[in-house]
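Contents: one structure, followed by commentary.
Every number here is computed from the coordinates shown, using simple stated rules; none is lab data. Quantities reported herein were computed from a predicted structural model and do not represent experimental measurements. With ideal geometry, Cβ positions are generated from the backbone for all residues, glycine too; neighbour counts draw on all protein chains shown.
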């Protein structure tokens, strides 16, 4: 082999293993998904598969349940991320003051981030249980009327799904925003205080605008994760009662592995991916994630 | 002055409510895992009770939960080793050897955000064809690959910040890329590698969606085994909370170890902590 060839082999051999794995486990499945999305593919009838063009897609766009699920997932994403952002901002601003016990609080609040999502869902089930749930006990103590079986009530079940996500992911917002605040230059604050700015003005005019990039990154990650929410809802409500808490991922998971419609499940997950990737590319550009 | 006192009071209340909201559910799982069946179903809920280890014994003896924990640990450990090693090699190629560059990084970030269901069905079909379903291989191959994007992203931001003097000296001494990688890059990046490995481990340890489809009774992972406690509408809360506690404790220990690198880990290095 000549010298140049050797050089290139040497250079690329570092990236080849990664490309091999990615090709086999990510790229091939994506191509296969696209291929299957144009086929009449049922896992129960592997010998009766034909190309049907865009029929799967047309069918989905007419499917009321799919569209409902899509909008529910968008609604869920917006609500949980908004709550997490606002609560996260407030807590991070308080913790940035640095007082006694601050370090312990910071160690304690990251614990939910490590909790297995499946466990999170099951635990919410225990907390909100109709018979033995500690939440209904507290509500009774405070004389707040609540339905007897909260998880059997579509509206409340949706609320509990929101609580489960807010519980697990608000700490994420807190520590990222906190890192952002602590990374800001002190001088700006001192100058503003000398000028006689009020606390409220300080935060709305300086702290938050300076956090733009940090908030952008945190939102990008949280929005894409929330939009794909699965485990904790699956173990909490399983998408029920009815389909009232089904997220897109649960819907597609059931379509593929319970009803075994590989064709339409593939086209649904492709629609979902296109929405996600478009959003990611826009956000990455907006917050210049990759630097200049 | 009066306003300040009020504000202080308000902040204390907010922090306290937040702490209770975040910590009570964790306390409640652990507390219930030590309750007898009678105490669990007792209403109003008992906050003081006589602790018992029965639930752990049931989860381990009857539900064979330790073997699920072991499967999860084996799969996570091997996947992380492969994923982090292969990913660091790729990061080295991108940052130092200028292969691929931005395009690979864009790939890495978009693949972290791909919906798992897009890959799940074709993976199931492919792995059934080559008869790997319900083996350790299928999870190790899948997890290692899905961990790559995280490792590549993190390690390339880490490697960019390493001083180059040592590498330059090694090149003058006649080291080739491989020697450079094994003798200098890997040892020097140990702090970064540890953090990436622990975050990767947490992800693999907690995954449910892939292991629920790609493996079954032979390789039952802990999160999947945990859902097996649910039989129709009856949930044996005692053994279930005991099993949950067994999954959570290692995860807690790991996340406290990487607490200092948390922010970088969670944002793929995009925000410095």
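One table, with the values for the structure above:
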item	result
Between region A:22-80 and region B:95-159, the Cα center-to-center distance that results, in Å	21
Value of Rg to Rh for region A:122-236 (Rh from inverse mean 1/r over Cα pairs, i.e. Kirkwood)	1.16
Ranked list, fewest to most other Cβ atoms within 10 Å of each Cβ, for A:106, B:264	A:106, B:264
Cα gyration tensor category, rounded, prolate or oblate, for chain B with a/c compared to 1.5	oblate
Between 0 and 90°, nearest 10: helix B:102-112 axis offset from chain B longest Cα axis	10
For the protein assembly as shown, projected area of the alpha-carbon convex hull averaged over all directions, nm²	31.1
GNM top mover of B:42, B:210, B:127 - chain B, alpha-carbon springs below 10 Å	B:42
CD proxy at 222 nm, helix term only [per DSSP H run n ≥ 4: -39500 (n - 2.57); per residue of chain A; nearest 500]	-21000 deg cm²/dmol
Between helix B:116-129 and chain B: long-axis angle, C-alpha atoms, 0 to 90°, nearest 10	80
Mean separation of Cα contacts under 8 Å, 6 or more apart, over the residue count of chain A: relative contact order %	29
Degrees between helix B:136-160 axis and first principal axis of chain B (Cα, 0 to 90, nearest 10)	60
Neighbouring partner chain Cβ atoms per residue of A:106-113, average, 10 Å criterion	6
Highest-fluctuation residue, B:191, B:44, B:122 considered, GNM on chain B with Cα pairs under 10 Å	B:44
Relative contact order computed over region B:65-266 (Cα-Cα under 8 Å; 6+ residues apart), in percent	34
Least to most buried among A:284, B:196, B:224 (fewest other Cβ within 10 Å first)	A:284, B:224, B:196
Region A:5-99 shape via C-alpha gyration tensor axes, a/c threshold 1.5	oblate
Choice from A:274, A:217, A:80 showing the highest fluctuation, given a GNM over chain A with Cα pairs closer than 10 Å	A:274
Contour excess over end-to-end distance, with Cα ends at residue A:64 and residue A:282 and 0.36 nm allotted per residue	75.6 nm
Bins of 5 Å, starting at 0 and running to the largest distance - Cα pair percent for region B:35-101	4, 14, 11, 10, 9, 9, 8, 7, 7, 6, 6, 6, 3, 0
Chain A shape via C-alpha gyration tensor axes, a/c threshold 1.5	oblate
Residue-averaged 222 nm ellipticity for chain B, from DSSP H runs of 4+ at -39500 (n - 2.57), nearest 500	-22000 deg cm²/dmol
